[in-house]
Structure formats: C-alpha cells, structure tokens
Amino acid sequence: MENKIIDGKSISSQIKAEVKTETDKLKSEKGITPGLAFILVGENPASKVYVKSKGKACEELGFHSVTETLPENVSEEVLLELISKFNDDEKIHGILTQLPLPAHLNQQRVIESLNYKKDVDGFHPLNAGRMVLGEKCFIPCTPYGIVELLKRSNAETEGKNVVVIGRSNIVGKPVANLLMTTKFNSTVTVCHSKTKNIKDISSRADILIAAIGKANFVTKDFIKEGCVIIDVGINRIEDKTKKNGFRMVGDVDFEDCFDKCGKITPVPGGVGPMTIAMLMKNTLDSAKGLIYE
Ligand SMILES: NC(=O)c1ccc[n+]([C@@H]2O[C@H](COP(=O)([O-])OP(=O)(O)OC[C@H]3O[C@@H](n4cnc5c(N)ncnc54)[C@H](OP(=O)(O)O)[C@@H]3O)[C@@H](O)[C@H]2O)c1
C-alpha cells in the first residue's frame with residue numbers, strides 16, 4: 001500500500017535536508033546566508049498560519065528571515081515602498097508577499113513591483129514567461145513541488161498524457177506549461193469549469209492533476225486504471241467524529257480511486273508540504289546566483 005502512496009511529507013523532508021546541507025556549505029565556503037523577506041498584509045488567519053510555518057522552515061534550515069506585518073488598510077504606496085526596500089537589500093534573496101491581498105490593493109501591480117531576481121514565488125510575469133519559454137526562472141512553488149513529487153516517485157512524464165483540472169495562475173496554468181516544456185515532454189490537456197466531458201478527457205490521463213478546490217470531485221469513473229493522481233486540493237469538510245468537527249480532504253475521492261490508480265498523493269501529506277520545501281529551494285538557488293547572476 002505504501003508504494004502506491006506518494007508521500008509528500010517524507011519527500012519534502014528529504015528536500016529540506018538537502019537544502020540544509022547546501023545552506024551550511026554556502027555559509028561556510030562563501031559566507032552567504034540565504035535571506036527571505038515575508039510581507040503579511042492584514043489579518044487573514046490562513047495567511048498568518050502560512051507565513052508562520054514558512055518562517056519556521058527558515059529557522060530550521062538556518063536562513064535569515066524577516067517578517068513585516070502591515071495593517072489591513074495599508075496604502076499601496078506604503079506596501080510598494082517596503083517591497084522596494086527589500087528589492088535593494090543585499091541580505092534578502094527572496095521576497096514573498098503573502099496572497100491574497102486586501103481588495104483595495106492591486107495584486108498584479110504589487111507582484112510586478114518585485115525585483116524578478118528575488119521573486120521566489122515565481123509569480124512575476126517575467127518568471128512566468130521564461131517558464132513557458134523553457135528558460136531558467138523561478139518556478140512557482142506548488143507546480144515545482146508537483147514535478148518533484150513525480151520525479152522522486154519515479155513517475156515518468158515523457159510522452160505521457162497529462163490532464164490538469166484547474167487553470168489558476170498559481171497552480172493549473174503553470175504546472176501545465178511546465179510539463180509541456182522539453183524538460184518533461186508531456187502531452188498536456190487543461191480542463192476548467194467550462195470544459196465539456198471532463199470525465200472522458202480525464203479518463204485518458206496517465207497523470208491526472210486536480211487543482212479545483214472542490215472536495216472529492218474526482219471519483220473512480222474519472223480515471224484510467226493504473227494512472228498517477230496528484231491531488232492539489234485542500235478542502236475542509238464537516239466530520240462529526242473529529243474533535244474540531246471537520247477534516248481536510250482533497251479534490252480527489254482518495255478511497256474511491258485508491259484501488260484503480262497506480263499512484264496517488266494523500267491530503268494532507270501530499271502536495272501541501274512540498275510547497276514550503278520548494279520555496280526554500282528557490283531561495284537557496286537565488287542566494288547561490290543559480291537562477292540569475
Ligand atoms: N497544496 C498546496 O500547496 C496548494 C497550493 C495552492 C492551492 N491549493 C489548493 O488547490 C485547490 C485549487 O487552488 P487554486 O488556487 O488553483 O484555485 P482557483 O484559483 O479557485 O482555481 C480553481 C480552478 O478550478 C476550476 N474549476 C472549478 N470548478 C470546476 C469544475 N466543476 N469543473 C472543472 N473545473 C473547475 C476553475 O475553473 P475556471 O477557471 O473556469 O473558473 C479554476 O480554473 C484549492 O483547494 C487550493 O486550496 C493547494
């Protein structure tokens with residue numbers, strides 16, 4: 001049973017251990033400590049949790065990190081000034097503005113104000129464009145985590161039919177673009193809410209990536225026997241047997257698909273832990289000057 005489960009917890013720990021070893025080496029040989037700046041705007045509880053756990057990962061791996069918290073009603077001018085300060089700070093190799101931002105702020109303008117050489121989230125149009133072209137760039141952390149899960153669980157991508165359900169700018173679109181580059185050589189189909197016959201399309205997939213945000217959407221009649229399933233979804237559903245009254249599930253009905261598929265990521269413990277690990281990897285690579293000089 002273990003072989004069928006793609007264990008994101010253990011793979012992400014392995015990646016973090018590799019990053020730690022390289023960080024120690026970078027510090028001792030070159031005197032460079034990878035530095036990550038977090039900008040948190042407002043009181044969104046999920047954003048606070050994400051920034052806290054990313055900060056904890058920095059501590060574990062020996063990164064320098066700074067968190068700046070701005071009030072919910074901060075002006076765009078003040079936020080852009082802070083980004084500009086980090087853009088020029090030599091100790092900072094990566095800047096992460098936790099999304100979503102409050103509605104009065106122009107998210108795209110904020111993303112584009114980042115120095116693309118410190119855009120470790122990979123959301124700047126320059127990095128997004130370079131990824132499509134197959135050029136060196138920061139790859140967005142969740143798509144990067146997905147391809148690492150495939151690679152490290154020996155799931156071949158070359159020549160495979162990949163179906164991605166979801167076309168968001170942070171998961172669906174970038175993972176589809178990444179897998180069609182010559183590095184991965186997959187044949188990719190993208191489905192979204194207006195797609196007809198999703199079941200027919202997805203049941204031809206060798207690799208099915210679900211990034212929808214709908215609990216247990218994918219059932220066994222969506223999949224081909226032996227396919228690899230990557231479940232990106234994180235959904236909270238009511239569960240009266242739990243102390244807190246809920247539990248987290250993915251976009252894939254894990255129990256229903258388990259026997260029919262070849263490999264599958266669980267939720268939690270699949271894609272989720274990979275996102276932070278790849279953020280650390282991107283920041284280390286930035287500090288090493290591996291992406292941009
Ligand atoms: N594990 C992680 O680290 C991680 C990271 C990011 C996100 N997530 C999770 O992944 C899920 C997706 O996130 P996201 O940011 O990509 O979500 P999003 O921005 O809401 O995008 C959802 C996508 O799913 C499509 N969709 C919605 N209903 C559909 C349906 N009935 N049939 C087919 N397609 C449908 C939408 O189509 P349209 O474009 O037509 O609206 C959209 O493209 C969420 O549960 C999120 O919490 C996890």
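Can you tell me which residue among V190, V147, V163 is within 16 Å of the ligand (Cβ to nearest atom) and within 22 Å of N3 (Cα to Cα)? Walk me through how you get there before you give the answer.
Details: V190 fails: within 22 Å of N3 (Cα to Cα); V163 fails: within 22 Å of N3 (Cα to Cα).
Being within 16 Å of the ligand (Cβ to nearest atom) and within 22 Å of N3 (Cα to Cα) holds for just one of V190, V147, V163, which is V147.
I'd like the full set of residues that are part of a helix (DSSP H, G or I), in contact (Cβ under 8 Å) with a residue 40 or more places away in the chain and either in contact with a Leu (Cβ under 7 Å, 6 or more places away or on another chain) or of a type in the set (D, E, K, R) (or both), limited to the range 20-37.
Within the range 20-37, K20, E22, T23 meet the criteria.
Of all residues being hydroxyl-bearing (S, T, Y), touching a helix residue (DSSP H, G or I) at 6+ places or on another chain (Cβ under 8 Å) and within 11 Å of the ligand (Cβ to nearest atom) in the range 193-231, which is farthest from E156 (Cα to Cα)? Just the residue, please.
T195
Taking the range 253-270 as the region of interest, how many residues are among the aliphatic types (A, V, I, L, M) and either away from the ligand (no atom under 14 Å from the Cβ) or not assigned by TED's automatic domain parsing to the domain that holds E156 (or both)?
Total meeting the criteria: 1.
Can G250 be described as near the ligand (Cβ under 10 Å from one of its atoms) and out of contact with any helix residue (DSSP H, G or I) (no Cβ under 9 Å at 6 or more places or on another chain)?
So G250 passes the test.
Of the conditions (1) assigned by TED's automatic domain parsing to the domain that holds T157; (2) at pLDDT below 95, E293 clears all except one; give me its number.
(1)
Would you check which residues across the range 51-90 are within 24 Å of the chain's Cα centre (by Cα) and basic (K, R) and list them?
K52, K54, K56
The values are calculated or read from the model by the stated rules, or taken from the named source; none is laboratory data. Quick caveat: nothing in here was measured; it's all calculated off a predicted structure. Counting neighbours? That spans all protein chains shown, and the Cβs are built from the backbone with ideal geometry, glycine included.
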